[in-house]
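Reviewing the structure listed below.
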Amino acid sequence: MCAERMPNPDVLIVGSGIAGVLIARQLGRAGKKVLILEAGEALPADINGYMNTFLAATAKVPESPYPPALFGANGLTDPRTVNAGRPTVLSLGAKGKFGDWQDPKQAYLIQKGPLAFGSTYERINGGTVRHWLGTSLRFVPNDFEMKSRFNRFVDWPIKYRHLERWYRDAEKDIGVAADVGDQNYLGINFSSNYPMPRIPLSLVDMEVEKAMPNLKVAGVGLDGLKWKVSSTPAARNSQPYQARRVCAGNTNCIPICPIQAKYDPSVTLAEALRTGNVDVSYKTVASKVHVDGNGRVSGIDFIRYDKDDGDPVERGRLTAKLYILAGNAIETPRLLLMSKSEQTPNGVANRRDDKGSVGKYLMDHPLYLAWALTDKPVWGYRGPLSTAGIEVCRDGGFRRERGAFRIEIGNEGWNFPIQDPDTTTVDFVNGLNGSGLNDGSKPLFGNALAIALNDKLSRQFRLGFLVEQSPDDSNRVTVPDQVPDELKDHLGLPRPHITYDLSDYTKRGLAAAKTTASAIFNSMHAKEFTSKPEADDPSTFEWPPGQTTRIKYYGSGHLVGTHRMGERSENSVVDSFQRSHDHDNLYLVGSGSFPTVATANPTLTLAALSLRTADQIISKDFK
Amino acid sequence: MRHYAPINLHHPSKPFDKYRSAESGITVTTLFPGPNSFARSTAAQTTAADDADRALFITLSAALTGIAKERLSPAVDPIQINRQYFAQAKTDPAFDGLMQIIRADPSNPAAAAEKVLNNSDSNIKYLGRSIILMWYLGVWYAPKKLENFNSSPPKPPYPPDKVISSAAYTQGWTWRVAQTHPMGYSELLFGYWSKEPPALDAFIK
């Protein structure tokens, strides 16, 4: 049935996330026949089903609205029992506790450590950008030139100027609200304005902004910096756009905007389907890529299922002229590494010797989270989850020594740090002090309760520091040749194994973030409440080394590296157009192609790269 | 995209089963959960005595929560969340003991609230707290769980036993006390976040 959907497609794409659907739409518009294989469920008529699942969820986490269900009858769903599983932040618990990060019955990823990889993803129509925040920052020019500028890591095979026009197109495609005047810092230039005016700053942003003139941060390479708060470019409507509504400030961008004022790839997927040249086979998992004797990809095996936990209903092989893998930086290398054969003994796109890079250089933005109480109300829990940040610290000579960071200002009180307002509410009703806000642990009720909660909740805010992680070849996705059943999914495919650590370069970036957070709070006369990490938390490390103090980091949801671009196959997997060095009819697209992670949230850049790739395919492969 | 908060929440024990079985209408097909068949069918089956008790329950709830009675049960109330909360509270064995306190002197709910929350019977005392949290958060913490929290304070977050319903999440008073709306349930307009909200009393009095 799957093959009958579209006999002899020109292009087969694996994955209906933002990279896959942008390319599919472009190719469809150019008259090419495109079949997409999507591992997860179909594009629904609307988002209300997902929304209701979120509302009723006890644990409101990024994955809550989406299938497969996070919980089964006995706790977290055993990933062995579902056909297209995915990680959840609920599976980052300490050893032996709920959500044990290394318990394969609770965690989809087989985490080998030594530290936890904290980011997650979705395997449904639209992919992980279903639950993104919408932040659409461009990289700064130096981000493409880390080796040349700072003698660190590698340069990209393209520079900012090569990507500028594609950034512009991507901003139009996904609908970014921002003003050029706010965004032309650190060498970023623009050939045109954004398609929508910026999102207004929140009162929280304004309070942080007031503290900028007097802010001094010492010892982390930021001395003398002219600190500034910038509105954040966001794929969030400030005007009606693409027949979608204006943002109503639901404060719920992650995991789901209830009115679809935030872009998600279902918008582009619908556009792709309307070309009449694109079709999607849902609940269809690509299981093996075949390569012929000429080094060209000759087909992709698939397994189709009906129920998330049901048996396969169809297996087969699909062929096309050109193949695009658009999973993500974990599922794409998983598929490549599952595809070992006589022609590809190390997996597809991974050379025949031991110098292949598939799966290597896995990166994220390890996130340092800090929270505080202002001395007067700022009224968080209002507006989009974030409307502004501090961007001027994203570049500088300090990048020779430590990871850079951008600072995201949160509008959701302490929801991210301690799941407030719930925690503080329980504290004041039940006489606890888990939040740190109920000195004396006194239970309250009636007017006194309402007034106390109002006082505390209206003064909460938090900062998130997205730290640049070094690309390390030891941080990687692997798929062992022999895997016990408990480490497979319900289709019998081995789940991704992750080896992950933070280098000293990255740790110094996180330590600088910690120093900067405290300095900002001091400058605001805000009282810091950032809690001390638990020693058994797998997302923490000792800092300074050898001390008992620890720093905790979170995942940013940014899956980067693992099939990076470069000039030569000795140290990269794809070229600047994301074409495999090894197989000229195979493209690997997405943030897995980034050689370095920089500090900007990756979606806009991967969207720009996708449009550039689509143009290449149309103009070169199908000329 | 952005960061994720790892939440060490425990698996809820059979969340929502009771309400799902009672209300076929909970399979919401509209964006915002509205009145459901549970409320309507309950209304059809209630007696005058039940209605009187429910009215007292709301009166007592206002004193417990600090939210005006007219807010908890407004004249125009398509959602009727009070019916779900009343039904939930009634399942607790200490409920009748709690109601005896307000029945004894319905004219002084503040005194009744004091008696509930300072009761020598810990089952009544913690049921009072469970009811406050139900109104504030739309979730149910069993009284015994709250008592256990107090004897051995856990680290947050504090997992509830269940979300009462998807509608209940949208009716939580803790959000209004913070002068805002539940995350995911804004009834406000573009840009409101750049201006100060109305005063607290405009939300709860």
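The values are calculated or read from the model by the stated rules, or taken from the named source; none is laboratory data. Worth saying up front: this structure is predicted, and the values here are computed from it rather than measured. Here Cβ is always computed from backbone atoms with ideal geometry, including for glycine, and neighbour counts include all displayed protein chains. Just the protein is used for accessible areas: all its heavy atoms, side chains included, with ligands, DNA and RNA removed. Shrake-Rupley method; radii C 1.70, N 1.55, O 1.52, S 1.80 Å.
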Q) Where the Cα atoms of the stretch A:529-621 are projected onto their three principal axes, how long is each span, largest first, in whole Å? A) 57, 29, 18
Q | Whole-Hz ³J(HN,Hα) from phi, Karplus 6.51 cos²θ - 1.76 cosθ + 1.60, for the stretch A:127-135, glycine and proline x | A | x, 6, 5, 3, 10, 7, 7, x, 5
Q) Counting Lys and Arg as +1 and Asp and Glu as -1, each charge on the Cβ, what is the dipole of the stretch A:1-153 about the Cα centre in debye, to the nearest 20? A) 460 debye
Q. List the lysines whose alpha-carbon lies under 23 Å from that of B:LYS162, not counting same-chain residues fewer than 8 positions away?
A. A:LYS60, A:LYS97, B:LYS14, B:LYS18, B:LYS90, B:LYS125, B:LYS144, B:LYS145
Q: Give me D for the protein assembly as shown in µm² s⁻¹, whole number, from Stokes-Einstein with Rh from the Kirkwood sum over alpha-carbon pairs, 25 °C and 0.890 mPa s.
A: 89 µm²/s
Q) So who's got an amide H within less than 5 Å of the one on A:THR135, skipping anything under 5 residues away but keeping other chains? H placed 1.01 Å off N, in plane. A) A:ALA235
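Please sort A:375-388, A:139-152, A:214-227, A:349-362 by packing, taking for each peptide the average over its residues of neighbouring beta carbons within 10 angstrom, highest first.
Numbers: A:375-388: 23.7, A:139-152: 18.5, A:214-227: 14.1, A:349-362: 21.8.
Final packing ranking: A:375-388, A:349-362, A:139-152, A:214-227.
Which percent of the accessible heavy-atom area of the stretch A:1-101 goes to carbon and sulfur, probe 1.4 angstrom? Write out the running numbers ahead of the final one.
Values: 1630 of 3170 Å².
Looking at the stretch A:1-101 in its full context, I get 51 percent from C and S.
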Q: Compute the whole-percent fraction of alpha carbon pairs in the stretch A:237-321 spaced more than 16 Å apart.
A: 70 percent
Q.
To check you understand DSSP bridge types, tell me what percent of the beta bridges within the protein assembly as shown (both residues inside) are antiparallel, rounded to 5.
A. 70 percent
Q | Semi-axes of the equivalent ellipsoid for the stretch A:159-270, Cα gyration tensor, largest first, Å | A | 29, 20, 12
Q | Cα→Cβ-extended label distance, 7 Å offset, between A:GLU567 and B:VAL76, nm | A | 7.0 nm
**Q.** Accessible surface buried once B binds A (1.4 Å probe; total of both sides; Å²)
**A.** 6800 Å²
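Which percent of the accessible heavy-atom area of the stretch A:350-424 goes to carbon and sulfur, probe 1.4 angstrom? Intermediate values should be presented prior to the final figure.
Numbers: 670 of 1500 Å².
Whole-percent figure for carbon plus sulfur exposure: 45.
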Q. Which whole number gives the average, over all residues in A:486-498, of C-beta atoms from other chains lying within 10 Å of the residue C-beta?
A. 0
Q | Those residues of the stretch A:425-446 for which accessible area with every protein chain present is at least 10 Å² below the isolated value (1.4 Å probe) | A | A:THR425, A:VAL426, A:VAL429, A:ASN430, A:LEU432, A:GLY434, A:PRO443, A:PHE445, A:GLY446
Q. Which of the helices in chain A, when you take each full DSSP H run, stretch at least 18 Å along the axis at their Cα atoms and have an average Kyte-Doolittle score of -0.5 or higher?
A. A:504-524, A:603-616
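For an R0 of 51 angstrom, estimate the FRET efficiency from the Cβ-Cβ distance between A:ALA3 and B:LYS155 and round to the nearest 0.05. If you can, show how the numbers build up before the last one.
Values: r = 53 Å, r/R0 = 1.04.
About 0.45, to the nearest 0.05.
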Q: In whole angstrom, note down how far apart the Cα centers of the stretch A:332-377 and the stretch B:108-124 are.
A: 57 Å
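Please calculate how many Å² of accessible area the protein assembly as shown carries per residue, with a 1.4 Å probe and no DNA, RNA or ligand atoms counted.
Numbers: 28120 Å² over 828 residues.
Per residue, the protein assembly as shown has 34 Å² of solvent-accessible surface.
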Q.
Take B:ASP51 and A:THR548, extend 7 Å from each Cα along the Cα→Cβ direction, and tell me the distance between the two endpoints in nm.
A. 6.5 nm
Q: Sticking with the crude label model, points 7 Å out along Cα→Cβ, report the distance from A:ARG315 to B:ASN118 in nm, one decimal please.
A: 7.3 nm
Q: At 0.36 nm per residue, minus the direct Cα-Cα distance, what do A:GLN616 and A:GLN242 gain on full extension? Give it in nm, one decimal, please.
A: 132.0 nm
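With r as the distance between the Cβ atoms of A:LYS307 and A:VAL180 and R0 = 35 Å, compute the FRET efficiency 1/(1 + (r/R0)^6) and round to 0.05.
On the way: r = 49 Å, r/R0 = 1.40.
So the FRET efficiency works out to roughly 0.10.
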Q. With heavy atoms of protein chains only and a 1.4 Å probe, what residues of the stretch B:121-139 have at least 20 Å² less accessible area in the full set of chains than alone?
A. B:ARG129, B:ILE132, B:LEU133, B:TYR136, B:LEU137
(Q) Test of understanding: what is the full-extension gain from A:ASP292 to A:SER531, defined as 0.36 nm times their sequence separation minus their Cα-Cα distance? (A) 80.5 nm
Q) If the cut-off is 15 Å between C-alpha atoms, which aspartates and glutamates fall inside it for A:LYS532, apart from same-chain ones fewer than 8 positions away? A) A:GLU542
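Under the rule of -39500 (n - 2.57) per DSSP H run of 4 or more residues, summed and divided by the residues of chain A, what mean residue ellipticity at 222 nm is obtained, to the nearest 500 deg cm²/dmol?
Values: 14 runs with 134 residues, N = 623.
Computed mean residue ellipticity for chain A: -6000 deg cm²/dmol.
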(Q) Give me, ordered by chain and number, the residues 5 or more places off A:PHE461 or on other chains with an amide H under 5 Å from its own placed amide H. (A) A:ALA372, A:THR374
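Would you kindly state how much longer the chain becomes between A:ASP46 and A:LYS147 on full extension, computed as 0.36 nm times their sequence separation minus their alpha carbon distance, in nm to one decimal? Mind showing how you got there, number by number?
Working: separation 101, 0.36 × 101 = 36.36 nm, distance 4.60 nm.
Result: 31.8 nm gained on full extension.
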(Q) Could you tell me the center-to-center distance, by alpha carbons, between the stretch A:217-293 and the stretch B:134-167 in angstrom? (A) 34 Å
(Q) If you average the C-alpha positions of the stretch A:578-615 and of the stretch A:125-151 separately, how far apart do those two centres end up, in angstrom? (A) 11 Å
Q | Mean Cβ count within 10 Å, highest first, over the residues of peptides A:71-80, B:101-110 | A | A:71-80, B:101-110
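Net charge near A:ILE418: determine it from the other residues with C-beta under 11 Å of the C-beta of A:ILE418, scoring Lys and Arg +1 and Asp and Glu -1.
On the way: positive: A:ARG462, B:LYS155; negative: A:ASP420, A:ASP422, A:ASP427.
Computed value for this residue: -1.
In whole percent, what relative contact order does the stretch A:140-254 give with Cα contacts below 8 Å and a gap of six or more residues?
Working: 133 pairs, mean separation 27.6, N = 115.
Taking the mean separation of contacting Cα pairs over the length of the stretch A:140-254, I get 24 percent.
What does the charge dipole of chain A about its Cα centre add up to, to the nearest 20 debye, if the Cβ of each Lys and Arg holds +1 and the Cβ of each Asp and Glu holds -1?
1100 debye
Given R₀ = 51 Å, what would the calculated FRET efficiency be for B:ALA68 paired with A:ASN74, taking r from the Cβ atoms and rounding to 0.05? Let's see the in-between values first.
Numbers: r = 43 Å, r/R0 = 0.85.
Efficiency at R0 = 51 Å is approximately 0.75.
Under a Cβ-only charge scheme (Lys and Arg +1, Asp and Glu -1), can you give me the dipole magnitude of the stretch B:114-205 about the Cα centre, in debye to the nearest 20?
Values: 10 positive and 7 negative charges, 38 e Å.
For the stretch B:114-205, the charge dipole is close to 180 debye.
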Q. When N is the residue count of the stretch A:305-344, what does its C-alpha Rg come to as a fraction of 2.2 N^0.38 Å?
A. 1.47
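For A:TYR505, what is the net charge nearby, where nearby means another residue's Cβ is under 12 Å from its Cβ and Lys, Arg count +1, Asp, Glu -1? Can you show the working numbers first?
Values: positive: A:ARG152, A:ARG399, A:ARG400, A:ARG402, A:LYS507, A:ARG508; negative: A:GLU401, A:GLU468, A:ASP472, A:ASP501, A:ASP504.
That sum, taken over residues with Cβ under 12 Å, equals +1.
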Q) Long-range amide H contacts for A:VAL291: which residues qualify at under 5 Å (H placed 1.01 Å from N, peptide plane, sequence gap of 5 or more or a different chain)? A) A:SER298
